[in-house]
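A.B. asks: Structure provided below as structure tokens; questions to follow.
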Amino acid sequence: MALIAQFSTNSFASMASRSDSSEVLRVLRWNALGTRCEVQYVCADDNRACAFEKEVVNWVAAFETKYSRFRPDSLVSRINAAAGRDWVSVDAEMEMFLDLSGSLYLLTQGVLDVTALPLMRLWDYRAVQPRIPSEAEIAAAKRLVGFQKIQRKPGLVRLPEAGMALDFGGWGKEYAVDIAAQIARKHGIMKALVDFGHDLFAVGTAPGKPAWHIGLEDPTHAGEACWSSLAARDVGVASSGDYIRGFTLNGKRYGHIVDPRTGWPVANGCRQVNVIAKACVQAGALSTAIFILGPEVGLKIVQDLMTAEACVVTDWERHQTKGFYRYVVTK
């Protein structure tokens, strides 16, 4: 959890407070997508605020119902259950999701792959007794991974090999953040900070401030300190790191981010990657890709895009793109 919203009230559900600039700051919090969702926003009209909160909570619930692999009746679970057998009917939204998955797969040189779930299941850091899988198990799982294996026809999708599985967890939450920001704007809300499990989108500015301030957590003191903060306005911000989730066995730590090319957890010295982009889904995809690819290759992808900025914290030093400093808050 490397990103910390630094403009917040102490609400636990939904409430409003008044800032020094006399703008009504409301805070909506609820649990969804396996995390805490929060939207801080400015809205003086109670009816408009109520309509916004109802729509955003309902949209997230419908999104999770349809795309969560943890729900046995979701569309994703139905596709996964039919792997190696049947074609599954899909709607236009799922077609778009698969198109986006392909674009992100190419953008990240293949390391952000929605078919990598077999490898993630092998390295289950949540298990009561985590273990290191055998080379044979890793090789077998890798044979099931590869976005190009997905078979598609108009309105239909099929995973051709039993054991293959889709998981949009690599960027689905970030996509939901972007949609929540769009819903806010649809309701005339032009100042909001959407924060779903510390993946964020800043709409406009914080009340009485030139931007929303986002803390960058110190990976060596997780949950205790920030090493810097960002000023975010009309951008998405996402972070990747393995310093919280993972397990230690025989004195060696294994993080939760798995490189689909090797089948092993990433061990390249990266501790944390922070990305600022025009959309949270792009920031999330890039932060994961950079973490896997390493600072040299990963930051080159960002530099070539010219629509994002990034900073990488490794065991030895920090690396950043040329324009990242423009977002850093200086005292």
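A.B. asks: Could you size up the charge dipole of the chain around its Cα centre, putting +1 on the beta carbon of Lys and Arg and -1 on that of Asp and Glu, and report it in debye to the nearest 20? Show your work: numbers first, answer last.
C.D. replies: On the way: 37 positive and 35 negative charges, 43 e Å.
Roughly 200 debye, rounded to the nearest 20.
A.B. asks: Ok, one more. So for the pair residue 54, residue 303, with labels modelled 7 Å out along Cα→Cβ, what separation do we get in nm?
C.D. replies: Going by the 7 Å Cα→Cβ label model, 5.2 nm.
A.B. asks: Here's a follow-up. Go ahead and set up a Gaussian network model of the chain, Cα springs under 10 Å, then flag whichever of 30, 316, 87 fluctuates most.
C.D. replies: 316
A.B. asks: Holding the Cα-Cα limit at 22 Å, pick out from 191/300; 186/322; 278/322; 186/278; 54/186 the pairs that are longer than that. Don't skip to the answer; put the middle values down first.
C.D. replies: Details: 191/300 32 Å; 186/322 34 Å; 278/322 17 Å; 186/278 18 Å; 54/186 13 Å.
Beyond 22 Å between Cα atoms: 191/300; 186/322.
A.B. asks: Related question: How big is the chain in terms of Cα radius of gyration and Dmax, in angstroms?
C.D. replies: Rg, Dmax (Cα atoms, Å): 20.1, 63.
A.B. asks: Once you have a ≥ b ≥ c as the square roots of the Cα gyration tensor eigenvalues for the stretch 113-176, tell me rounded if a/c is under 1.5, and otherwise prolate or oblate according to whether a/b is larger than b/c. Write out the running numbers ahead of the final one.
C.D. replies: On the way: a/c = 2.99, a/b = 1.42, b/c = 2.11.
Because a/c hits 1.5 or more and a/b fails to exceed b/c, the stretch 113-176 counts as oblate.
A.B. asks: Something else now. How far is helix 280-293 tilted, in degrees, relative to the longest principal axis of the Cα atoms in the chain, given as a value from 0 to 90 rounded to the nearest 10?
C.D. replies: The two axes meet at around 50 degrees.
A.B. asks: For the chain, set up a GNM with springs between Cα atoms under 10 Å and report which of 134, 239, 228 has the largest fluctuation.
C.D. replies: 134
A.B. asks: What nm value, rounded to one decimal, do you get for the distance between residue 228 and residue 99 when each label is placed 7 Å out toward the C-beta?
C.D. replies: Going by the 7 Å Cα→Cβ label model, 3.7 nm.
A.B. asks: Roughly what angle does helix 92-107 make with the longest principal axis of the chain, taking Cα atoms, 0 to 90 degrees, to the nearest 10?
C.D. replies: Helix 92-107 sits at roughly 80 degrees to that axis.
A.B. asks: Order by neighbour count: 66, 186, fewest other Cβ atoms within 10 Å first, most last.
C.D. replies: Numbers: 66 17, 186 12.
Fewest to most other Cβ atoms nearby, the residues stand as 186, 66.
A.B. asks: So, one more: Roughly how many whole Å is it from the C-alpha centroid of the stretch 151-201 to that of the stretch 19-58?
C.D. replies: 19 Å
A.B. asks: Give a residue-ordered list of calculated ³J(HN,Hα) values for the stretch 165-180 (Karplus: 6.51 cos²θ - 1.76 cosθ + 1.60, θ = phi - 60°; whole Hz; x for Gly, Pro).
C.D. replies: 7, 9, 8, 8, x, x, 8, x, 5, 5, 4, 4, 4, 4, 5, 4
A.B. asks: Please compute the length gained on full extension between residue 24 and residue 137, using 0.36 nm multiplied by the number of residues separating them and subtracting their Cα-Cα distance. Don't skip to the end; give the middle numbers.
C.D. replies: On the way: separation 113, 0.36 × 113 = 40.68 nm, distance 5.54 nm.
Length difference between fully extended and current span is 35.1 nm.
A.B. asks: Which residue, 323, 275, 305, has the largest displacement toward the positive end of the dipole of the stretch 246-324 when charges sit on each Cβ (Lys, Arg +1; Asp, Glu -1)?
C.D. replies: Value: 275.
A.B. asks: Could you work out how much longer the chain between residue 91 and residue 74 gets when fully extended? Use 0.36 nm per residue separation minus the Cα distance between them, nm to one decimal.
C.D. replies: Details: separation 17, 0.36 × 17 = 6.12 nm, distance 1.31 nm.
Roughly 4.8 nm would be gained on extension.
A.B. asks: Which of 285, 277, 222 moves the most in a Gaussian network model of the chain with Cα springs under 10 Å?
C.D. replies: The residue with the greatest mean-square fluctuation here is 222.
A.B. asks: Please name whichever of 166, 35, 59 sits farthest to the positive end of the charge dipole of the stretch 29-181, dipole taken about the Cα centre and charges placed at Cβ: Lys and Arg +1, Asp and Glu -1.
C.D. replies: Going by the charge dipole, the pick is 166.
A.B. asks: Need one word for the stretch 200-284: rounded, prolate or oblate. Basis is the Cα gyration tensor (sqrt eigenvalues a ≥ b ≥ c); a/c below 1.5 gives rounded, then a/b vs b/c decides.
C.D. replies: Numbers: a/c = 3.93, a/b = 1.89, b/c = 2.08.
Note, shape of the stretch 200-284 comes out oblate.
A.B. asks: Still on this structure, I have one more. Cα centroids of the stretch 278-327 and the stretch 228-245: how far apart, whole angstrom?
C.D. replies: 11 Å
A.B. asks: Mind putting a number on the dipole of the stretch 176-331 about its Cα centre? Charges go on the C-beta only, +1 for Lys and Arg and -1 for Asp and Glu, and I need it in Debye to the nearest 20. Don't skip to the answer; put the middle values down first.
C.D. replies: Details: 16 positive and 14 negative charges, 72 e Å.
Dipole magnitude for the stretch 176-331 comes out near 340 debye.
A.B. asks: Identify, among 83, 105, 120, the residue whose Cα sits farthest towards the positive end of the charge dipole of the chain, taking +1 on the Cβ of Lys and Arg and -1 on the Cβ of Asp and Glu, with the dipole about the Cα centre.
C.D. replies: Checked the options; the winner is 83.
A.B. asks: Can you list the residues, at least 5 places off or on another chain, whose amide H is less than 5 Å from the amide H of residue 146, using H built in the peptide plane?
C.D. replies: 115
A.B. asks: Can you compute the helix-only [θ] at 222 nm over the chain? Use -39500 (n - 2.57) per DSSP H run of at least 4 residues, normalise by all residues, nearest 500 deg cm²/dmol.
C.D. replies: Working: 8 runs with 99 residues, N = 331.
That comes out to -9500 deg cm²/dmol.
A.B. asks: Please give, to one decimal in nm, the separation of the simple spin-label points placed at residue 245 and residue 109, each 7 Å out from Cα toward the Cβ.
C.D. replies: 2.3 nm
Only the coordinates and a few stated rules stand behind these numbers; no lab work does. Bear in mind that the values here come from a model prediction, so they are computed numbers and not experimental data. Note that each Cβ is placed from the backbone with ideal geometry, even for glycine, and that neighbours are counted across all protein chains shown.
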